[in-house]
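One structure is given below, encoded as structure tokens.
The values are calculated or read from the model by the stated rules, or taken from the named source; none is laboratory data. Computed from a prediction, not measured in an experiment: that's the story for all the values here. Heads up, the Cβs are rebuilt from the backbone with ideal geometry, glycines too, and the neighbour counts pull from every protein chain shown. All accessible areas refer to the heavy atoms of the entire protein, side chains included, with ligands and DNA or RNA removed. Shrake-Rupley method; radii C 1.70, N 1.55, O 1.52, S 1.80 Å.
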Amino acid sequence: MSAPFDLSGRVAVVTGANTGIGQGIAVALAAAGADVACVGRSPCDETVAKVEALGRRGVFIAADLSSIEPVQRVVDEAVEKLGAIDILVNNAGIIRRTDAVDFSEADWDAVVDTNLKSVFFLCQAAGKHMIARGHGKIINIASMLSFQGGVRVPSYTASKSGVAGLTKLLANEWAAKGINVNAIAPGYIATNNTAALQSDEQRNKSIMDRIPAGRWGSPDDMGGAAVFLASSASDYVNGHILAVDGGWLAR
């Protein structure tokens with residue numbers, strides 16, 4: 001293990017990679033040596049350019065993960081374009097904010113289908129490929145709401161609690177097959193998904209007051225955790241939910 005964080009020769013698939021946390025993780029994996037397939041509903045031109053600027057191969061795979069329809073195609077296309085899949089990062093996700101008493105079935109289904117159902121079936125499709133090769137790293141993106149209840153986001157809380165449980169289940173089944181399944185739980189990260197919270201002066205202050213680090217996180221803050229969980233440095237880490245939260249859970 002002379003270079004335990006080196007990802008040279010590895011291929012990563014990152015969903016929701018066009019912006020925010022997904023872009024931060026994709027670029028960090030490329031900086032560590034991985035080629036990256038960027039999956040998203042909208043083009044990932046900026047992310048692909050950042051990956052290629054680091055001397056790695058970057059490709060875009062168009063897929064709307066609000067349903068499982070494109071899941072197998074994502075895996076097949078990544079293998080066709082880049083040769084294999086060594087790392088899967090399930091980052092794509094959405095959120096809907098409404099009081100629980102008024103929350104609609106449509107908002108429930110949209111969030112759970114994207115954040116949990118598609119995550120499982122993409123793990124399954126990539127997992128079959130990885131099991132056949134005898135190794136692989138799967139990193140799911142959980143949340144602080146994998147540990148806490150939150151407010152006004154019932155389907156998001158349910159989905160991210162489900163991601164934490166699913167991560168542990170898959171680790172139980174696949175660890176002996178050479179597949180490490182873990183998750184990153186970001187704290188409050190400044191992205192499009194949290195724009196409403198950042199712009200709410202009172203809510204923003206209450207969040208900042210609780211973060212020991214004294215700031216919102218940035219997508220780049222996720223990179224080191226992702227590289228660790230994608231690399232040989234984490235070969236004996238299974239079913240773990242790694243909080244990257246500026247100390248939020250410790251307070």
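Give all pairs with beta carbons closer than 6 Å in which a residue from region 239-250 that is under 11 Å from Gln148 (Cβ atoms) and aromatic (Phe, Trp, Tyr) meets a residue that is in a loop (DSSP other than H, G, I, E, B) and at pLDDT 95 or above; count only pairs at least 6 apart in sequence or on separate chains.
Trp248/Gly187; Trp248/Ile211
Is it the case that region 167-175 has a residue that's among the β-branched types (Val, Ile, Thr), touching a Ser or Thr at 6+ places or on another chain (Cβ under 7 Å) and either over 27 Å from Leu7 (Cα atoms) or modelled with pLDDT of 95 or more (or both)?
Filtering region 167-175 for residues among the β-branched types (Val, Ile, Thr) gives 167.
Applying the additional criterion that residues be touching a Ser or Thr at 6+ places or on another chain (Cβ under 7 Å) yields none.
No - not one qualifying residue is present in region 167-175.
One line per residue, one yes/no per condition, for (1) over 16 Å from the mean Cα position of the chain (by Cα); (2) in contact (Cβ under 8 Å) with a residue 60 or more places away in the chain; (3) farther than 19 Å from Val244 by Cβ:
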residue	(1), (2), (3)
Asp107	yes, no, yes
Ala110	yes, no, yes
Lys117	no, no, yes
His135	yes, no, yes
Ala142	no, yes, no
Gly150	yes, no, no
Ser155	yes, no, yes
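Which is among the small types (Gly, Ala, Ser), farther than 21 Å from Thr114 by Cβ and open to solvent by less than 40 Å² (accessible area, probe 1.4 Å), of Gly178, Gly162?
Numbers: Gly162 fails: farther than 21 Å from Thr114 by Cβ.
Answer to the selection: Gly178.
Say we look at region 93-122 and pick out the residues that are part of a loop (DSSP other than H, G, I, E, B) and of a type outside the set (Lys, Arg); which of these is nearest to Val14 (Cα to Cα)? Reasoning before the result, please.
Kept after step one, since they are part of a loop (DSSP other than H, G, I, E, B), are these residues of region 93-122: 93-99, 103-104.
Filter once more, so that each one left must be of a type outside the set (Lys, Arg): 93-95, 98-99, 103-104.
Details: Gly93: 12, Ile94: 15, Ile95: 19, Thr98: 29, Asp99: 32, Phe103: 30, Ser104: 30 Å.
Per the stated criteria, the residue is Gly93.
Taking only region 36-47 into account, find how many residues are within 17 Å of the chain's Cα centre (by Cα) and either surrounded by 22 or more Cβ atoms within 10 Å (Cβ to Cβ) or more than 16 Å from Ala92 (Cα to Cα) (or both).
7
Scan region 1-23 residue by residue and report those that are under 17 Å from Asn193 (Cα atoms) and open to solvent by 10 Å² or more (accessible area, probe 1.4 Å).
Step one: filter region 1-23 for residues under 17 Å from Asn193 (Cα atoms), giving 15-23.
Hits for region 1-23 are Gly16, Asn18, Thr19, Gly20, Ile21, Gln23.
Pick out, from region 132-251, the helices (runs of 4 or more DSSP H) lying fully within it that include 1 or more residues that are over 21 Å from Ile25 (Cα atoms) and in contact with a helix residue (DSSP H, G or I) (Cβ under 9 Å, 6 or more places away or on another chain).
Working: elements: 154-174, 195-199, 201-210, 223-230.
Ranges flagged: 154-174, 195-199, 201-210.
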